[in-house]
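Structure record follows, encoded as structure tokens.
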Amino acid sequence: MRRLFEMLFPPRSESAAIARERLKIVLAHERVSRDGPDFLPALQQELLDVVSRYIEIRPDMLRINLDKSGETSLLEINVEIDGAKAKSATPDIAEAKSAIVAALEPAKSG
Amino acid sequence: MAKVVVVTSGKGGVGKTTTAAAFAAGLALRGYKTVVIDFDVGLRNLDLVMGCERRVVFDFINVINGDAKLNQALIKDKRNDNLYIFPTSQTRDKEALRRDGVERVLDELREDFDYIVCDSPAGIEHGAITALYFADSAVIVTNPEVSSVRDSDRIIGILASKSRRAERNQEPVSVQMLLTRYVPERVNRGEMLTVEDVKEILSIPLLGVIPESESVLRASNTGTPVVFDEDSPAGRAYMDAVARFLGEQRELRFVTPERKSLFRFIFGRA
């Protein structure tokens, strides 16, 4: 009976939606390393090192993007920390966050 | 002034040669004197798809090396007086495509033709770069499939940085996408990227959508560019793409599932 139902009304596959999301993510990455200034991959790695001192994150949880529109350039840094484990030294995620912000502070002024 | 159009994709097997053949034949049908050049040195196939494989005497590399004159190597199509085929060598390797030689041949062709269609090899190596280097326009052949879309993005980046227009800081190559092997039924079932998805991801203008069609294989079996088959959905979709390329407005067709009549259902054949 169920097979008959599935034959008449095939379940909708969502694989195209998965393909779309995967492509968006991988191309955003590749465009940065291809079109961006040479220092972006190095910057990304260093940021990752800093963040990793406080929180256990995977490399794909930190994304940087340089957007140019007309005169202005915007450097966007996204760090996904939901579900990330804090290093035992700093058990609190909020504490880790402020530690990272502090660590990034000199880079901003410099 | 002749325009150089490269048909390229990065990925292999997406329909570059089919598209180059159909596109060149379509331009010829619209009255433009057109030559289609095979840049896939070593893996010659345009001659087969165009149905002139037994008429090849001299090739692109012979002309570049000065062993033959251009008019000795050009093959005039038997179906349309505006259409010429310029086959490539089967025996040399891709390095034989010297950039200065290609430039000289293209300059000579520019004097005689309205459109020069370059059928690029797959990949992003020497042959593919040489095929796109002199382009004024590019047709990016993409399938609604992850690896094809990614490679298209790559080749779009290369056109923007490594073409002659980019190197000389001229107006950039006009890049448009042709989505081929599209199956509306699978798109509706959520199994295949939609036209809108691919357009949004690649963010380049859409030249057309070519539906997956039995007529494409029939066309290559017989060595006839698919646009000569007036009953074929793919052929008509290619003619629409050519019209858009020439600046005309055409509604997208063949992007929604075809309603099969009972007759078709029983007797098959699209």
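Compute the length gained on full extension between B:Glu95 and B:Glu125: take 0.36 nm times their separation in residues and subtract their Cα-Cα distance, giving the result in nm to one decimal. Each step should come with its number before you reach the end.
Details: separation 30, 0.36 × 30 = 10.80 nm, distance 0.98 nm.
In short, 9.8 nm is gained.
Using a 1.4 Å probe on protein heavy atoms, which residues of region B:111-151 have at least 40 Å² less accessible area in the complex than alone?
B:Val146, B:Arg150
Quick check: convex hull over the Cα atoms of region B:129-177, volume per residue in Å³, rounded to an integer?
In region B:129-177, the Cα hull volume divided by residue count equals 60 Å³.
Please compare each pair in B:Lys16/B:Lys199; B:Lys78/B:Lys162; B:Lys3/B:Lys69; B:Lys16/B:Lys94; A:Lys24/B:Lys11 to a cut-off of 26 Å on the Cα-Cα distance and tell me which ones are over it.
B:Lys78/B:Lys162
Using only the alpha carbons of the protein assembly as shown, what is the convex hull's orientation-averaged projected area in square nanometres?
Working: hull surface 104.6 nm².
For the Cα atoms of the protein assembly as shown, the hull's average projected area reads 26.2 nm².
Can you pull the one-decimal nm distance between simple spin-label points at B:Arg253 and A:Ala42, each 7 Å off the Cα toward Cβ?
5.6
Calculate the FRET efficiency for B:Arg218 and A:Ile18 from the Cβ-Cβ distance with a Förster distance of 41 Å, rounded to the nearest 0.05. Present the calculation step by step, with values, prior to reporting the outcome.
Details: r = 34 Å, r/R0 = 0.82.
Plugging the Cβ-Cβ distance into 1/(1 + (r/R0)^6) gives 0.75.
Can you pull out the buried accessible area for chains A and B, both sides counted, probe 1.4 Å, rounded to the nearest 100 Å²? Intermediate results must be reported in sequence, preceding the final value.
Numbers: alone 8830 and 13040 Å², together 20470 Å².
In total, this chain pair buries about 1400 Å².
Mind checking the angle between helix B:146-162 and chain B's longest principal axis? C-alpha axes, 0 to 90 degrees, to the nearest 10.
Around 30 degrees separate the two axes.
Which of rounded, prolate, oblate describes region B:1-104, given a ≥ b ≥ c as roots of the alpha-carbon gyration tensor eigenvalues and a/c under 1.5 marking rounded, otherwise prolate only if a/b is larger than b/c?
rounded
Given a 1.4 angstrom probe, I'd like the percentage of the accessible area of the protein assembly as shown that is carbon and sulfur, rounded to a whole number.
50
Please give the residues of region B:144-179, grouped as numeric ranges, whose backbone N is less than 14 Å from a label point set 7 Å along the Cα-to-Cβ vector of A:Val26.
Output list for this probe position: B:144-155.
Could you give the radius of gyration (one decimal) and Dmax (whole number) of the Cα atoms in region B:43-87, in Å?
10.3, 30
Once you compute Rg and the Kirkwood Rh from C-alpha atoms, what is the Rg to Rh ratio for region B:99-217?
Checking Rg against Rh, the ratio lands at 1.02.
Once every DSSP H run of n ≥ 4 in chain B is given -39500 (n - 2.57) and the sum is divided by its residues, what mean residue ellipticity at 222 nm do you get, rounded to the nearest 500 deg cm²/dmol?
Estimated from H runs of four or more residues: -11500 deg cm²/dmol.
Hey, what's region B:18-134 come to in accessible area per residue, 1.4 Å probe, Å²?
I get 41 Å² per residue for region B:18-134.
Using only Cα atoms, locate the centre of region B:1-46 and the centre of region B:183-251, then give the distance between them in Å, rounded to an integer.
One Cα centre to the other: 15 Å.
Which angle between 0 and 90 degrees, to the nearest 10, do you get for helix B:233-245 versus the longest principal axis of chain B when only C-alpha atoms count?
Between helix and principal axis, roughly 60 degrees.
Grab the other residues whose beta carbon is less than 15 angstrom from that of B:Lys11, score K and R as +1, D and E as -1, and report the net. Can you show the working numbers first?
On the way: positive: B:Lys16, B:Arg150, B:Arg154, B:Arg181; negative: A:Glu30, B:Asp40, B:Asp119, B:Glu125, B:Glu145, B:Asp151, B:Asp153.
With Lys, Arg at +1 and Asp, Glu at -1, the neighbours total -3.
Calculate how steeply helix B:16-29 sits against the longest principal axis of the alpha-carbon atoms of chain B, using the helix alpha-carbon long axis, and give the answer as 0 to 90 degrees to the nearest 10.
Relative to chain B, helix B:16-29 is tipped by roughly 90 degrees.
Net charge near B:Asp77, counting Lys/Arg +1 and Asp/Glu -1 over other residues with Cβ under 12 Å of its Cβ? If you can, show how the numbers build up before the last one.
Details: positive: B:Lys33, B:Arg55, B:Lys76, B:Lys78, B:Arg79; negative: B:Asp47, B:Asp81.
So the environment of B:Asp77 carries a net charge of +3.
Which residue, chosen from A:Ala42, B:Ile124, B:Thr34, occupies the Cα position most advanced towards the positive end of the dipole of the protein assembly as shown, where the dipole is computed from +1 (Lys, Arg) and -1 (Asp, Glu) charges on Cβ about the Cα centre?
Ranked along the dipole, the leading option is B:Thr34.
The values are calculated or read from the model by the stated rules, or taken from the named source; none is laboratory data. Everything numeric here is computed off the predicted structure, so don't read it as measured data. Here Cβ is always computed from backbone atoms with ideal geometry, including for glycine, and neighbour counts include all displayed protein chains. SASA here: full protein model, heavy atoms, side chains in, ligands and nucleic acids out. Shrake-Rupley method; radii C 1.70, N 1.55, O 1.52, S 1.80 Å.
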